[in-house]
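*Asks:* Could you have a look at this structure, given as structure tokens, before my questions?
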Amino acid sequence: MDKNKIIELLNKDLQDEHGAIIQYLNHAYGIGEGEMACEIEATARDEMRHLDWLAEAIVELDGVLSLERGTMRMGGTQVSEWMQNNVILEEGAIKQYQEHISLIDDPRIKRLLQRILSDEEAHHGSFSHFVEKAKRAGAKDIRGERQDKAAKTLNWGIEHEYTVILQYLLHSYMSKSEEAKEQLADQAINEMQHLGWLAEELASGGGKPNIEHTRVDRSTRPVDMLRADIKIEKEVADAYDKAGKETDDAGLKKLLFRIRDNELYHIDVFNDLLEEAEGKK
């Protein structure tokens with residue numbers, strides 16, 4: 001099969017993994033604490049690994065990564081309906097991976113997709129079980145319609161974190177420096193933690209996390225990537241600092257300042273990488 005066609009198929013898989021991650025995180029945050037929510041988050045982490053493997057494969061083929069979200073099924077008013085939507089999503093993923101495995105003749109890519117397929121089949125079984133489990137447990141959506149200033153601040157933070165997760169992952173995949181690749185991926189993982197903290201805080205407090213992102217910098221030159229990353233970190237560190245000082249909620253203040261301090265650390269890491277990229281070290 002032509003390399004460009006393989007890249008096209010892998011990007012379709014990448015998009016659908018992206019969509020599954022967001023769908024499952026929404027469901028986990030909507031359910032709140034408990035065994036089922038933890039298992040759904042673990043499934044989302046599986047899909048994150050799949051996205052990482054697929055992205056690496058696309059870059060190795062000199063392809064351009066898609067940051068679009070693929071298929072999502074976000075309907076349903078009952079948790080059991082959410083789980084049924086997850087079953088249907090996994091059925092679509094299984095069918096698509098089977099089709100792509102049959103079409104692609106590169107043995108390494110086939111092996112990768114077969115590995116991912118085995119996870120999707122396991123996820124299908126888990127979500128099928130959760131349909132009935134949710135009914136028996138009377139699982140409910142804990143989210144509300146809270147729209148006060150604190151809720152808006154938390155959703156602003158979620159939007160930022162989602163944006164930089166995508167940006168740092170993209171820059172990591174595109175980087176030729178092993179140190180930069182590793183550091184960018186590490187900071188993206190830290191931003192994933194931030195997103196989780198913010199979403200859980202909002203959902204448990206009667207709000208509804210809105211997992212959407214803004215524009216992602218797609219620079220490819222090392223210095224341009226790092227300058228963009230430093231710029232966004234400086235802006236958001238100031239914003240977290242300002243929001244933390246303005247809130248009277250002690251718990252929220254502590255969370256915002258913790259994230260601010262993490263962002264300041266990212267700035268230092270990225271500045272070191274930029275100096276190396278510019279040949280100053």
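The values are calculated or read from the model by the stated rules, or taken from the named source; none is laboratory data. Quick caveat, the model's predicted, so the values are computed rather than measured. Positions of Cβ are generated from backbone atoms using ideal geometry, with glycine treated the same way; all protein chains shown enter the neighbour counts.
*Asks:* Hey, among the residues in the stretch 170-187 that are surrounded by fewer than 21 Cβ atoms within 10 Å (Cβ to Cβ) and hydrophobic (A, V, I, L, M, F, W, C), which one's farthest from the chain's Cα centre (by Cα)?
*Replies:* Top of the filtered list is 174.
*Asks:* Answer with yes or no whether residue 104 is surrounded by fewer than 22 Cβ atoms within 10 Å (Cβ to Cβ), of a type in the set (A, V, I, L, M, F, W, C) and modelled with pLDDT of 95 or more.
*Replies:* The answer is yes for residue 104.
*Asks:* Is it the case that residue 273 is part of a helix (DSSP H, G or I), in contact (Cβ under 8 Å) with a residue 24 or more places away in the chain and closer than 21 Å to residue 29 by Cα?
*Replies:* Spelling it out, it is not the case that residue 273 is part of a helix (DSSP H, G or I), in contact (Cβ under 8 Å) with a residue 24 or more places away in the chain and closer than 21 Å to residue 29 by Cα.
*Asks:* Can you name the condition, by its number, that residue 144 falls short on among (1) in contact (Cβ under 8 Å) with a residue 40 or more places away in the chain; (2) more than 30 Å from residue 257 (Cα to Cα)?
*Replies:* (2)
*Asks:* Only one residue in 19, 92, 34 is more than 18 Å from the chain's Cα centre (by Cα) and within 18 Å of residue 124 (Cα to Cα). Which one?
*Replies:* The unique qualifying residue is 92.
*Asks:* Considering only residues that are under 15 Å from residue 20 (Cβ atoms) and either among the hydroxyl-bearing types (Ser, Thr, Tyr) or touching a Ser or Thr at 6+ places or on another chain (Cβ under 9 Å) (or both), which ones fall in the stretch 97-116?
*Replies:* Correct list: 97 only.
*Asks:* Checking the conditions here, which among 60, 56 is free of Cβ contacts under 8 Å to residues at least 24 places away in the same chain and surrounded by fewer than 16 Cβ atoms within 10 Å (Cβ to Cβ)?
*Replies:* Answer to the selection: 60.
*Asks:* Working only within the stretch 204-251, note down all residues that are assigned to a helix (DSSP H, G or I) and either crowded, with 19+ Cβ neighbours inside 10 Å or of a type in the set (Phe, Trp, Tyr) (or both).
*Replies:* Hits for the stretch 204-251 are 222, 225, 226, 229, 232, 233, 236, 237, 240, 243, 244.
*Asks:* Here is a check on your reading of the model: is residue 161 at pLDDT 95 or above and under 29 Å from residue 6 (Cα atoms)?
*Replies:* So residue 161 fails the test.
*Asks:* If you go through the stretch 41-52 one residue at a time, do you hit one that is crowded, with 22+ Cβ neighbours inside 10 Å, of a type in the set (D, E, K, R) and either touching a Ser or Thr at 6+ places or on another chain (Cβ under 7 Å) or under 17 Å from residue 170 (Cβ atoms) (or both)?
*Replies:* no
*Asks:* Then there is this: Have a look at 110, 133 and point out the one that is part of a helix (DSSP H, G or I) and in contact (Cβ under 8 Å) with a residue 60 or more places away in the chain.
*Replies:* Answer to the selection: 133.
*Asks:* Which of the residues spanning the stretch 67-99 are among the β-branched types (Val, Ile, Thr), in a helix (DSSP H, G or I) and in contact with an Asp or Glu (Cβ under 9 Å, 6 or more places away or on another chain)?
*Replies:* Listed by number, the residues that qualify are 79, 94.
*Asks:* Out of all the residues in the stretch 136-158, which are surrounded by fewer than 17 Cβ atoms within 10 Å (Cβ to Cβ) and assigned to a helix (DSSP H, G or I)?
*Replies:* Passing the criteria: 136, 137, 149, 152, 156.
*Asks:* Can you pull out every residue in the stretch 110-129 that is under 20 Å from residue 14 (Cβ atoms) and surrounded by 17 or more Cβ atoms within 10 Å (Cβ to Cβ)?
*Replies:* 112, 113, 116, 117, 119, 120, 123, 124
*Asks:* Is there any pair with a first residue in the stretch 207-222 that is farther than 24 Å from residue 277 by Cα and a second that is among the hydroxyl-bearing types (Ser, Thr, Tyr) whose Cβ atoms are under 7 Å apart and which are 6 or more apart or on different chains, and what are they?
*Replies:* The qualifying pairs are 209/29; 211/162; 212/162; 213/162; 213/163; 214/163.
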